[in-house]
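All of the numbers you see were taken from the coordinates with simple rules; none came from a lab. For clarity, every value in this text was computed on a predicted model and none was experimentally measured. Note that we place each Cβ from the backbone using ideal geometry, even for glycine, and neighbour counts take in every protein chain shown.
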Amino acid sequence: MKIKKSPVHAVGSKSVFKASKMATKAMSLPKTLVLLRKLNQKHGMDCPGCAWPDPDKRSKLGEFCENGVKAVAEEATDRKIGAEFFHKHSVKDLLDRSDYWLGQQGRLQQPMIIENGDEYYQPISWDRAFTLIADQLNALPSPDEAIFYTSGRTSNEAAFLYQLFVRMFGTNNLPDCSNMCHESSGVALKETLGIGKGSVTLEDLYKAEVILIFGQNPATNHPRMLTALEKAKAHGAKIISINPLKEVGLVKFKNPQKVKGWVGSSTNISDLYLQVRINEDVALLKSILIKLFDLEETQGGIFDTDFIRNKTDGFEEFKKDLLSNNLNDLIKRTGLAENEIDKAVQLLKDKNKIIACWAMGLTQHVNAVDNIREVVNLLLLKGSIGKPGAGTCPVRGHSNVQGDRTVGISERPGKDLLDKLATNFGFDPPTKHGYSVVEAIQAMYDNKAGVFFAMGGNFLSASPDTHYTTQALKNCTLTVHVSTKLNRSHLVHGKTGIILPCLGRTDRIIKNGKIQFVTVENSMGIVHSSQGMIQNKADLLPEPEIVARIAHQTLKESKLDWIYLTDDYNRIRDLIEENIPGFNDYNSRINSGGFELPNGARNGVFKTASDKAIFTINKLPDYEIKENEYLLTTIRSHDQFNTTIYGLDDRYRGVFDGREVIFMNGEDLKREKLKAGDRVDISSHYNDTTRTIHSYTVVPYDLPSKCLAMYFPEANVLVPLDLHARESLTPSSKSVIVKISKSKD
Ligand code: SF4
């Protein structure tokens, strides 16, 4: 492993070279060109990476980023793993390999099974696999003993059929990856603004006066956001970044689509960069709000009093609670100098077109819902919601994570959805809430659930408390994964483990000689189509067909002709139109280029109990970091998307050819008598259990004292299952109290 200085800007020519290298290493040149030409273009193929929206006018040079190319190359790789591979490698052998190595082996080629006591996966036919799954499901004492997980790649069509099958089977056990990322946003936004999604569109970013970016690293996680921020700045927006780590992409950006991005200077992204201590965003926001109240008192005109009076509830209680805080104590908690906070106040005070963007830096804490509600309080005071250039922007991770929720993937379905399904399909959907991810792991661990079915994803690597989750999965009688590539979750299986290999976003789906497309919803609520380009000759099935064939096999009494539905995806979209609000004329509107889903908050309509936006009273985190303790946040490397490891470099943070690192502040290094390159063990201790990982290399980094950062999935071992957001149950992966000690080796 090599540690170098971080670069001074993100993206630029290096990004183009790296993307080209990754693409051509994985795929032939003609295939690369076919895929990239259509990537994120109208009627083309949606990027299997993040959910960042596409602009109306697409660039002819290509509408994608380095990480989009990596995502495409990862999925469309020419490398293949079939029966010979699994014959050569036992599960024990594969468990010793890194996540990166597993992903590099290639695309799965045929269904595989491993049964109790076996050491190797063996091929199985599709028919036999479906019969076995149906038999195991039907043998369960209760449908609630099966868990059906969904990852955010799943298309609207597959997700709708999947939730329908699961509810006809008799359970709401539909945990999904949202439970681990933006569940806190959904809970906070539904309560305060009446819709669990963001309110802004791309156009709003270009009209904003101030854009706040909380707990986010766009250069790695949704890189095209930088292009949008550059354009917003050109239109006059000021950007305030709030992040414990100094992330190069939030400092300077070189846009490779512009000549200036190759030979000229970079664009300064942040006008103000506040390196707040990990999880002290509420303290920072309260400090800013108190100072704004002061200015409102002394000079007036700071708040949108008409908006507050006519459109909100709870203002007086909120104000009373806010002003009861001691400003100096709040500022001290943030770790920032008061004059830095004053600069934020100056940038905000006269503006009312404010957009707040955020990601996991706000959502993965015990107090995550408070974090987001406090952001909403700021927007409500300024009347910055329901108007152009203002509003909420939770930036979603996986490409259709938002769409899956919209079409019914939820362990807590609303009554409206269940009533529709009951009327239109003639059955009694279960009303009892199902398990979220955390509850599902607990249920499997406690032997209260025996079948785990995953529609995509890498559940084990995405989940907290890796050793505990491992045991939970091993307790199952059956684990099934619908996947494109081999991953760690396949290696920690139940008594029987099945891998069902599916077509991916890049693959062409043909039914009865007709090319099919699927649909997805981006982070800003726009639904559009995605059509794969590559004819994959392996023994793979598209996800909707996998669901339909399992449903057909399991639900013997079902009158629904599942197979007929998947013969033409327009039929599935017709069913979505009948059951999910906002999808009227689905097929015709999708064919005309896509459409925007209804969004009350975008238009200043708040579907809360009082039809008003709600001010809330939010708590500060209530833990204490002792002298010998630190607060650890988990992060992604630049060669990583969620749990997929594309490579071993994190060039924006200067780490090359390795991942077992811990980022530390220079003062902390001195106090601990450590130097760069030393190795440390890291432990977390919660509820009488100590979790430890060994021998991580210390890397000095620009982040506040008493704060540490490590990559997940490696650091997930340290995140206890029961350390999660109070209201949303999202694992608290961004604030874990840990101790460090010098490794003995
Ligand atoms: S920004 Fe996201 S959606 Fe766009 S190309 Fe990059 S990874 Fe794909």
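Observations, loosely collected:
- Gyration tensor verdict on the stretch 529-615 (Cα atoms; rounded if a/c is under 1.5, prolate if a/b is larger than b/c, oblate otherwise): prolate
- Computing FRET efficiency as 1/(1 + (r/R0)^6) for Asp622 and Lys514, where r is the C-beta to C-beta distance and R0 is 56 Å, gives about 0.45.
- If R0 equals 56 Å, the separation of the Cβ atoms of Asn584 and Lys474 corresponds to a calculated FRET efficiency of about 0.75.
- Violating pairs (Cα-Cα greater than 18 angstrom) within the set Lys626/Lys744; Lys670/Lys706; Lys207/Lys231; Lys238/Lys619; Lys18/Lys231: Lys626/Lys744; Lys238/Lys619; Lys18/Lys231
- Between the amide H of Val655 and those of Lys4, Asp650, distances stay under 5 Å, these residues lying 5 or more places away or on another chain, with hydrogens modeled in the peptide plane.
- Theoretical gain in end-to-end length, Thr690 to Ser13 [0.36 nm per residue, Cα-Cα removed]: 239.2 nm
- Degrees separating the helix 415-425 axis from the principal Cα axis of the chain, which is the longest one: 20
- Degrees, to the nearest 10: 368-381 long Cα axis against longest axis of the chain: 50
- Annotation: cysteines of the chain without a disulfide-compatible partner (Cβ-Cβ under 4.7 angstrom) are Cys47, Cys50, Cys65, Cys177, Cys181, Cys476, Cys502, Cys707.
- Under 11 Å, Cβ to Cβ, from Ala725 - net charge with Lys/Arg +1 and Asp/Glu -1: -1
- Straight-line reach from Lys537: taking Cα to Cα under 14 Å and skipping same-chain neighbours fewer than 8 places apart, the aspartates and glutamates in range are Asp78, Asp507.
- Taking a ≥ b ≥ c as the square roots of the eigenvalues of the Cα gyration tensor, the stretch 1-113 is oblate, since a/c reaches 1.5 or more and a/b is not larger than b/c.
- For Thr496, neighbours were defined as the other residues whose beta-carbon sits under 11 Å from its Cβ, and their charges (Lys and Arg +1, Asp and Glu -1) total -2.
- The charge dipole of the stretch 524-586, taken about its Cα centre with unit charges on the Cβ atoms of Lys, Arg (+1), Asp and Glu (-1) only, comes to about 180 debye.
- Charge dipole magnitude, Cβ of K and R +1, D and E -1 - the chain, Cα centre, debye nearest 20: 2480
- If you take all other residues with their beta carbon under 12 Å from the beta carbon of Leu245, and give Lys and Arg +1 and Asp and Glu -1, the sum is +2.
- Cα gyration tensor, the chain - rounded (a/c under 1.5), prolate or oblate: rounded
- Label point 7 Å beyond Cα of Lys559 along Cβ direction - residues of the stretch 406-447 with amide nitrogen under 17 Å: 420-429
- Based on the reciprocal of the average 1/r between different C-alpha atoms, the Kirkwood radius for the stretch 630-742 equals 14.4 Å.
- Taking GluC sites (Glu not before Pro) in DSSP loop conformation with at most 10 other Cβ atoms inside 10 Å as exposed sites, the chain has its longest uninterrupted site-free stretch at 120-556.
- Working note: Karplus 6.51/-1.76/1.60 with θ = phi - 60° gives the stretch 711-726 the couplings 6, 9, x, 3, 7, 4, 3, 8, 9, x, 4, 8, 9, 8, 4, 4 Hz, where Gly and Pro are set to x.
- Extension reserve of the Leu29-Arg79 stretch, reckoned as 0.36 nm per residue once the Cα distance is removed: 16.6 nm
- Residue list for the stretch 545-565, given a label point 7 angstrom along the Cα-to-Cβ vector of Thr131 and an amide N cut-off under 15 Å: 550, 553-554
- Across Lys2/Lys88; Lys420/Lys514; Lys291/Lys343; Lys21/Lys246; Lys233/Lys254, pairs whose alpha-carbon gap is larger than 23 Å: Lys2/Lys88; Lys420/Lys514; Lys21/Lys246
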